[in-house]
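Quick notes on the structure that follows.
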Amino acid sequence: MSDIKNALEKWVNTCEKHSLTGHFTQVNDLAAFFPANVFCSAELNYLYKNYNPENLIIETGFTPVKIYAASELVKGQTGYRYLPANALVIGDDIGGGKPLIAALDEENTPVYANYDVGEPFRIANCFTDFIVSLAELIDLVYGRYQIFDIADDNDEVKQIFKDELAARVSPVIGSENFNAFYDYFYG
């Protein structure tokens, strides 16, 4: 669990460094919040027991994304019945319709995303890599680009931002997953 612990500590420290809305808590009785019909992976169990993201909103420069707290998981599944039984929506954009999905029955809990009625696409081969990539995105968006400076005057993502994000995230999740990760957040 040291990899997940290190990834989550990096994420929490990055969120705190940039004063994101929300905070992190511990959950002692995860069974009280976790959807009854869904298996909890070791990675998500560790996340919610130790770093439960309460009211966490992540500005991306375009549409903000919310990562669900344990108490929001059941409600967060609303509208996503088409997903497989062991898929858990762990976040969504503020308007809904762009779920972040943990594949609980796959080794290392890969993360998928979707923004249309099509099939979800993989953005990280494991949950740990997703969390590290999310921390890198937050650090770049909040730290270097003051959230909304990622786009030019025509509301197009600046190429320099995309290049910097790729330099930080591709080594973590690979170039194919980076393209999907980028597409989810900025496509």
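The values are calculated or read from the model by the stated rules, or taken from the named source; none is laboratory data. Small disclaimer: the values here were computed from a predicted structure and weren't measured. Because the Cβ atoms are built from the backbone with ideal geometry, glycine has one as well, and the counts that use them run over all protein chains shown. Note: areas computed on protein heavy atoms with side chains; ligands, DNA, RNA excluded. Shrake-Rupley method; radii C 1.70, N 1.55, O 1.52, S 1.80 Å.
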Tell me, what is the 1.4 Å probe accessible area of Ser41, in Å² to the nearest 10? 0 Å²
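Where does the chain land at 222 nm, in deg cm²/dmol rounded to the nearest 500, when only DSSP H runs of n ≥ 4 count, each adding -39500 (n - 2.57), divided by all residues? Provide the component values of the computation, followed by the final result.
Numbers: 6 runs with 68 residues, N = 187.
Theoretical 222 nm ellipticity from helices: -11000 deg cm²/dmol.
With respect to the cross-link table entries Lys10/Lys162; Lys75/Lys158; Lys75/Lys162, which display a Cα-Cα separation exceeding 27 Å?
Values: Lys10/Lys162 22 Å; Lys75/Lys158 35 Å; Lys75/Lys162 33 Å.
Violating the 27 Å limit, Cα to Cα: Lys75/Lys158; Lys75/Lys162.
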Reduced Cα scattering model of the chain, Debye log10 I(q)/I(0), q = 0.10, 0.11, 0.14 Å⁻¹: -0.36, -0.44, -0.73
Post the alpha-carbon centroid distance, the range 78-141 to the range 1-48, in whole angstrom. 15 Å
Starting from the Cα of Tyr115, move 7 Å in the Cα-to-Cβ direction to define the label point; list residues of the range 131-173 whose amide nitrogen is under 12 Å from there. 157
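Could you tell me what a quarter of the Cα convex hull surface of the range 5-68 works out to, in nm² with one decimal place?
Averaging across all directions leaves 4.9 nm² for the Cα convex hull.
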Accessible area expressed per residue, the chain, with surrounding protein chains retained (probe 1.4 Å, Å²): 48 Å²
Determine, for each peptide in 179-187, 20-28, the mean count of other beta carbons within 10 angstrom over its residues, then list the peptides with the highest first. 179-187, 20-28
Heavy-atom accessible area of the chain with neighbours in place, 1.4 angstrom probe: carbon+sulfur share in percent works out to 46 percent
Under a Cβ-Cβ cut-off of 12 Å, what is the net charge of the residues other than Tyr48 that fall near it, where Lys and Arg count +1 and Asp and Glu count -1? -3
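Using the Kirkwood radius over Cα pairs, work out the Stokes-Einstein diffusion coefficient for the range 89-187 at 37 °C and 0.692 mPa s, in µm²/s as a whole number. Walk me through the intermediate numbers first.
Working: Rh = 13.9 Å.
The Stokes-Einstein estimate is 236 µm²/s.
Find the relative contact order for the chain and round it to a whole percent, using C-alpha pairs within less than 8 Å whose residues are 6+ positions apart. Present the calculation step by step, with values, prior to reporting the outcome.
Numbers: 305 pairs, mean separation 36.6, N = 187.
Relative contact order, the chain: 20 percent.
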